[in-house]
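The values are calculated or read from the model by the stated rules, or taken from the named source; none is laboratory data. Predicted model only: the values in this text are computed from it and were never measured. Glycine gets a Cβ as well: all are built from the backbone with ideal geometry, and neighbour counts include every protein chain shown. We work out accessible area using only protein heavy atoms, side chains counted, and drop any ligands, DNA or RNA first. Shrake-Rupley method; radii C 1.70, N 1.55, O 1.52, S 1.80 Å.
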Amino acid sequence: MSSIFTQIFNGDLPGQFVWRDDVVAAIMTIAPIKLGHCLVIPIEEINHWDDMPEDISFHLMGVAQKVAKAQKMVYRPERVGIMVAGLEVPHTHFHLIPINAINELDFSQQQLAEPEALATEAQKLRNALSELGFSSH
């Protein structure tokens with residue numbers, strides 16, 4: 001069975017895309033820790049991040065850096081935290097979270113977001129990526 005992320009990529013489930021190319025997608029998480037919390041995910045279903053081929057890993061990190069720059073532009077955080085937990089979905093994904101303190105990297109702070117709010121934040125980040133000169137196509 002396909003992972004929830006593959007179902008989103010295939011259009012079988014809704015998702016708010018910030019970035020999408022042939023290798024990687026970045027989407028808004030439905031349960032953000034902080035406003036702007038995104039997931040950067042390889043299109044290929046890879047269970048463990050340390051099993052990613054180097055070319056995919058390199059590309060994923062490059063996209064994560066671009067999205068983080070957009071998050072900095074939009075949310076003005078002190079830092080953008082990055083986490084790889086890997087327990088909730090068996091498909092590698094990096095969490096990018098705008099933060100001002102280390103204690104904000106806490107999954108107990110997740111709250112479900114309304115689809116309209118996620119769409120608004122995704123558009124802000126796409127606009128920032130465009131302003132920064134980054135394009136996924």
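Scanning the stretch 1-27 for residues that are in contact (Cβ under 8 Å) with a residue 12 or more places away in the chain and either under 29 Å from N103 (Cα atoms) or small (G, A, S) (or both) yields a count of 13.
Of all residues in the stretch 75-123, those satisfying the criterion of being of a type in the set (D, E, K, R) and not in a loop (DSSP other than H, G, I, E, B) are R79, E104, E116, E121. In this structure, does L60 turn out to be out of contact with any Lys or Arg (no Cβ under 8 Å at 6 or more places or on another chain), open to solvent by 50 Å² or more (accessible area, probe 1.4 Å) and either in contact (Cβ under 8 Å) with a residue 24 or more places away in the chain or part of a loop (DSSP other than H, G, I, E, B) (or both)? In short, no. Flag not set for S57, criterion: at pLDDT below 95 and not aliphatic (A, V, I, L, M).
Checked against the criterion of being in contact (Cβ under 8 Å) with a residue 40 or more places away in the chain and of a type in the set (A, V, I, L, M), the candidates I43, I30 yield just one match: I30. The residues in the stretch 82-95 that are of a type outside the set (S, T, Y), open to solvent by less than 30 Å² (accessible area, probe 1.4 Å) and without any contact (Cβ under 8 Å) to a residue 60 or more places away in the chain can be counted, and the count is 1. When the stretch 49-67 is examined, which residues are found to be out of contact with any strand residue (DSSP E or B) (no Cβ under 7 Å at 6 or more places or on another chain) and closer than 19 Å to F107 by Cβ? If the condition is that a residue be out of contact with any strand residue (DSSP E or B) (no Cβ under 7 Å at 6 or more places or on another chain) and closer than 19 Å to F107 by Cβ, then W49 is the only one that fits.
Looking only at residues in the stretch 100-117 that are within 25 Å of H48 (Cα to Cα) and of a type in the set (A, V, I, L, M), the one that is least open to solvent (accessible area, probe 1.4 Å) is L105.
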